[in-house]
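K.L.:
Okay, here's the structure, questions in a sec.
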Amino acid sequence: MKKRGIGYGCTFYGTGYGNGFPDVSVAEAELNSDGKINVYVGATECGQGSDTIMRQIAAESFGSSVEIINYYSTDTDIMKDSGTAAASRQTYNTGNALRLASEKLKDRVIEKAKDLLNLNTTVGLKIENGEVFLNSFKATKISLSEIASSLGDEKLREEATFVAHSTEMDEETGQGCPYWPYTFGAAAVEVEVDTETGKVDIIRAASAQDVGRAINPELVEGQMDGGFAMGYGYAVFEDLNLKNGKIVNNRFTNYLIPTAMDMPELEKIIIEDPESTGPYGAKGIGEPVMTYVAPAILNAIYDATGVRMTEIPVTPERLLKALKESETK
Amino acid sequence: MTTVNLNVNGKDYSVEVDGSTRLLDLLRDSLGLTGTKEGCGEGECGACTVIMDGEIVDSCLVLAFQCEGKEIITIEGVQNGDILHPAQKAFIEKGAVQCGFCIPGMVLATKAIIDKNEEPTDDEIREGLSGNLCRCTGYNKMVEAVHRAVEINKEAK
Ligand code: FES
Ligand code: FES
């Protein structure tokens, strides 16, 4: 028999290393001789899109498009440490460091522009599309490339460090504020359980994630799809099966992960509630997007069958066994 | 050692191979075409996908000597000079790429889908991509990308 059920799961998730562990990111920004902005960031791009969004963050600071950013990442010879691409921390932590470095550089660029334009104050000067201009009288302007060529051998380069706010938990009471910020998310799924075969199919699915602010909505959606697929695999397919400390399912013939045919269409809901301490309001969502998926699926299995599965993955064998046990009770 | 004559991405090659050389090794080690990836080496992941005489194959499961007289297309051969293949364009446009490890195989799988089917349905696309595993994207953006590749093909007509 095929039985359907609906389940929900939700989480809150702390960004960064947490628990008082020093979480430090350094980034640098520099005016290149042609007026472009060189950015040096130690954030590792492993497919999550950090190269893209870091360029967006730097470009935003200069009121310009990403084309003005020359982006350099992950070369320890020419840049400082931005910390690991882990703990969902790069957007928030390194994004913040980069925003600070960019803004420091921007202040210096504006200071130079003031001198070159023979003004007595920087008040009213703005940067947009590679030009510094007086907002009230736009004809008074100078381009970043003109500023750069006026510098001769002098280099405008600024560095900034961002240290995340995190305190140690009290080990006795479990109280404290080990992370900042937290991000919130939820999934809803409808499953169909085949009580003859023990197979669980997802019929419909939705995922909602608080991102503070989506710097790149396309990439956020990609992360949500990817997180859902991992959560789905975690819940019903992926079984390492350890025997005497050895992995039994050590190849793709027996360690099953979802394919394009398993993955349902996913309704993706991006929730934007800007985080006051984040770069332009953003928070990281690398890990959180998968955390609520397995609970939602297990709740849906419960709703469909009345059987509460307490072990994952819910393989057909395990589910059939549990269904049988519940009948004989 | 035997000599195998084959055509890869429009160029003829004569390569010395031994009985256990796989097409994957021939491509990567003898011809330096490292766009084709090895994931599992056992025909499960699709990272090593290439097109052989118009059909998708896992190059880890094809022995090099079986390629005598065959035409092979690898990821290096799908674009036309500087012009990206519609599948490549669509993957970029739709953000269907994350770490990129599965992408050469995915692009070739996409090419195979749209070469054979001018109007693939969602189910046909998912089936067509299902031999290629991706750990990052959750596939949905890829499904969108295949639809987009179909559109790009139509726009070009
Ligand atoms: S390497 Fe050939 S299918 Fe995985
Ligand atoms: S993009 Fe990383 S495996 Fe597919």
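The values are calculated or read from the model by the stated rules, or taken from the named source; none is laboratory data. Nothing here was measured: the structure is a model prediction, and the numbers come from that model. Backbone-built Cβ (ideal geometry, glycine too); neighbour counts: all protein chains shown. Ligands, DNA and RNA are stripped out before the accessible areas are found, and what is left, the full protein with its side chains, is counted by its heavy atoms. Shrake-Rupley method; radii C 1.70, N 1.55, O 1.52, S 1.80 Å.
K.L.:
Using the Karplus equation 6.51 cos²θ - 1.76 cosθ + 1.60 (θ = phi - 60°), what ³J(HN,Hα) coupling, rounded to whole Hz, does each residue of the stretch A:32-42 give in order, writing x for Gly and Pro?
P.N.:
With the stated coefficients, the stretch A:32-42 comes to 7, 5, 9, x, 7, 10, 8, 10, 10, 9, x Hz.
K.L.:
Please report, in whole Å³, the volume per residue of the convex hull around the C-alpha atoms of the stretch A:24-163.
P.N.:
With only Cα atoms used, the stretch A:24-163 gives 101 Å³ per residue.
K.L.:
Also, I was wondering about something else. Could you compute how much accessible area chains A and B hide from each other, both sides summed, with a 1.4 Å probe? Nearest 100 Å² is fine.
P.N.:
2000 Å²
K.L.:
Which whole number in µm²/s is D for the stretch A:123-217 by Stokes-Einstein, with the Kirkwood Rh taken over Cα pairs at 4 °C and 1.567 mPa s?
P.N.:
63 µm²/s
K.L.:
Pull up the cross-link candidates among the aspartates and glutamates for A:K283, meaning alpha carbon to alpha carbon under 12 Å and not fewer than 8 places away within one chain.
P.N.:
By straight Cα distance, A:K283 reaches A:D210, A:E272, A:D273, A:E275.
K.L.:
Let me ask something else about it. Need one word for the stretch A:237-322: rounded, prolate or oblate. Basis is the Cα gyration tensor (sqrt eigenvalues a ≥ b ≥ c); a/c below 1.5 gives rounded, then a/b vs b/c decides.
P.N.:
It comes out prolate by the Cα gyration axes.
K.L.:
Pulled fully out, how much extra length does the chain show between A:N70 and A:E267, if you take 0.36 nm times their separation in residues and subtract their Cα-Cα distance?
P.N.:
Answer, rounded to one decimal: 67.4 nm.
K.L.:
Rounded to the nearest 0.05, what FRET efficiency do B:K157 and A:E128 have when you use their Cβ-Cβ distance and R0 = 56 Å? Before the final figure, lay out the partial values.
P.N.:
Working: r = 41 Å, r/R0 = 0.73.
Efficiency, from the Cβ-Cβ distance: 0.85.
K.L.:
On average, how much area does the Cα convex hull of the protein assembly as shown cover when viewed from any direction, in nm²?
P.N.:
Answer in nm², one decimal: 31.4.
K.L.:
Determine the per residue accessible area of the stretch B:2-76 with all protein chains present and a 1.4 angstrom probe, expressed in square angstrom.
P.N.:
Working: 3360 Å² over 75 residues.
Result: 45 Å² of accessible area for each residue.
K.L.:
Express the carbon and sulfur contribution to the solvent-accessible surface of chain A as a percent, rounded to the nearest whole number, probe 1.4 angstrom.
P.N.:
C and S fraction of accessible area: 50 percent.
K.L.:
Under 25 Å from the Cα of B:K116, which lysines turn up, not counting those fewer than eight places away in the same chain?
P.N.:
Those lysines meeting the cut-off are B:K11, B:K37, B:K70, B:K89, B:K94, B:K141, B:K154, B:K157.
K.L.:
Checking a compactness column here: for the stretch B:2-76, what do you get for Rg(Cα) / (2.2 N^0.38 Å), N being the number of residues?
P.N.:
0.96
K.L.:
Filter the GluC sites (Glu not before Pro) in the stretch A:68-170 to those in DSSP coil with at most 16 other Cβ atoms within 10 Å of their Cβ, and list the result.
P.N.:
Qualifying residues, ordered by number: A:E154, A:E168.
K.L.:
Here's something else I'd like to know. Run down the lysines and flag those whose C-alpha is under 23 Å from the C-alpha of A:K141, throwing out any fewer than 8 positions away in its chain.
P.N.:
A:K36, A:K104, A:K106, A:K112, A:K114, A:K126, A:K155
K.L.:
Using the Cα atoms of the stretch B:86-156 to build a convex hull, what is its mean projected area in square nanometres?
P.N.:
4.0 nm²
K.L.:
Which is the longest stretch in chain B that no exposed loop site breaks, taking sites as GluC sites (Glu not before Pro) with a DSSP loop state and at most 15 other Cβ atoms within 10 Å?
P.N.:
In chain B, the maximal stretch lacking such sites is B:69-117.
K.L.:
If the chain between B:D53 and B:S20 were fully stretched, how many nm would it gain, using 0.36 nm times the residue separation less the Cα-Cα distance?
P.N.:
Details: separation 33, 0.36 × 33 = 11.88 nm, distance 2.15 nm.
That works out to 9.7 nm of additional length.
K.L.:
Right, another one. Quickly work out the A:I247-to-A:K2 label distance, labels modelled 7 Å from Cα along the C-beta direction, and quote it in nm with one decimal.
P.N.:
That separation, rounded to one decimal, is 3.4 nm.
K.L.:
How high is the FRET efficiency from A:I78 to A:N120, r the C-beta distance, R0 41 Å, rounded to 0.05? The partial results should precede the final answer.
P.N.:
Values: r = 38 Å, r/R0 = 0.92.
E between A:I78 and A:N120, to the nearest 0.05, is 0.60.
K.L.:
Continuing with this model, one more query. Quick one: which bits of the stretch B:84-125 get at least 30 Å² less accessible when the partner protein chains are in, versus the chain alone, with a 1.4 Å probe?
P.N.:
B:Q98
K.L.:
Would you compute the Debye intensity of the stretch B:1-127 from its alpha-carbon atoms alone, equal scatterers and no solvent, and pass along log10 I(q)/I(0) at q = 0.14 Å⁻¹ to two decimals?
P.N.:
-0.60
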